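Please read the structure below before turning to the comments.
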Amino acid sequence: MSEMRLIYGFHAVTSRLRQKAASVKEIYLDPSRNDRRARDLAQAARERGVRIMMVDGARLDGMTQHARHQGVAAHVDAVEAARDLDEVLGGLKEPALLLILDGITDPHNLGACLRVADAMGVHAVIAPKDRAAGITPTVEKVASGAVESVPFITVTNLARTLRELKEREIWLIGADQEAGQDLYSIKLGVALGWVLGAEGEGMRRLTRENCDEMARIPMLGSVESLNVSVSAGICLAESRRQRIAVSR
């Protein structure tokens, strides 16, 4: 029997319903939510044969441990924790674009990184299994559907995985505000992986040592640092921009 989990929030539930309806076992909807968003969700569920249970806000609060559920939750089959990296890379029709996260423990940050990765066409997000956030209902809600669309691969030994990526001729660039060169001075059209560490602590030593080069995001204002998901978005967007420019 497959493992079940609870997800909540309109983005997370609607995305799962549209992309993997067979995995949605039951949807719980607050009857006081009689707006268009709730009606559209209910209609989509009926079209896919998914049962909707009307439950009040107090019960939803208890089910989600008082998370910001927006009046909707669902029991679903657990998303596969990982896909095989060889399978992901072997099926690519363009140079790899990867996001590698070292030590990201905040589920909100992980969810936001997955959402950015989806928007920028990242082929996989890679993270260590230990001392890092995994897929949780909070991550699914923040990711707004990206958990279903972006392979999230956890590895036992991140340094070893980085070495294996380099053997595949994937260029690894670590984002570091102390780096001498900025990301706009690097050619990013090749197969590459952006490596980002947790805000404040940064990357671990072995992770840093396995990067091919380091790059910083130019900071033109008074703010000294950025949230990891914002940094990831900037780095990945520049990578995509350069790829588009080269293809024209």
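The values are calculated or read from the model by the stated rules, or taken from the named source; none is laboratory data. Remember, predicted model here, so these are calculated numbers, not experimental data. Reconstructed Cβ throughout: ideal geometry from the backbone, glycine too, with neighbour counts over all protein chains shown. These area figures cover heavy atoms from the full protein model, side chains too; ligands, DNA and RNA do not enter into them. Shrake-Rupley method; radii C 1.70, N 1.55, O 1.52, S 1.80 Å.
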Exception for Arg160 within (1) touching a helix residue (DSSP H, G or I) at 6+ places or on another chain (Cβ under 6 Å); (2) basic (Lys, Arg); (3) without any contact (Cβ under 8 Å) to a residue 12 or more places away in the chain falls at (1)
Considering only region 96-108, state which residues are surrounded by fewer than 22 Cβ atoms within 10 Å (Cβ to Cβ) and in contact with a helix residue (DSSP H, G or I) (Cβ under 8 Å, 6 or more places away or on another chain). Ala96, Pro107, His108
If Tyr28 satisfies all but one of (1) in a helix (DSSP H, G or I); (2) at pLDDT 95 or above, what's the number of the condition it fails? (1)
Quick one: which helices (runs of 4 or more DSSP H) lie wholly within region 137-248 and hold at least 2 residues that are in contact with a Ser or Thr (Cβ under 9 Å, 6 or more places away or on another chain)? 137-143, 146-149, 158-167
For residues in region 218-241 being open to solvent by 20 Å² or more (accessible area, probe 1.4 Å) and under 17 Å from Gln181 (Cα atoms), which is farthest from the chain's Cα centre (by Cα)? Leu220
Take the residues in region 1-25 that are more than 17 Å from Gln70 (Cα to Cα) and assigned to a loop (DSSP other than H, G, I, E, B), then tell me which one is modelled with the lowest pLDDT. Met1
Mind checking which residues of region 116-129 are more than 15 Å from Asp86 (Cα to Cα), of a type outside the set (Gly, Ala, Ser) and either free of Cβ contacts under 8 Å to residues at least 12 places away in the same chain or surrounded by 23 or more Cβ atoms within 10 Å (Cβ to Cβ) (or both)? Val116, Val122
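Listed here are the residues, each with its yes/no results for (1) open to solvent by 40 Å² or more (accessible area, probe 1.4 Å); (2) polar (S, T, N, Q).
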| position | (1), (2) |
| --- | --- |
| Ala12 | no, no |
| Ala22 | yes, no |
| Arg37 | yes, no |
| Asp40 | yes, no |
| Gln43 | yes, yes |
| Gly49 | yes, no |
| Gly57 | no, no |
| Thr64 | no, yes |
| His69 | no, no |
Only one of (1) surrounded by 19 or more Cβ atoms within 10 Å (Cβ to Cβ); (2) at pLDDT below 90; (3) charged (D, E, K, R) fails for Lys93. Which number is that? (1)
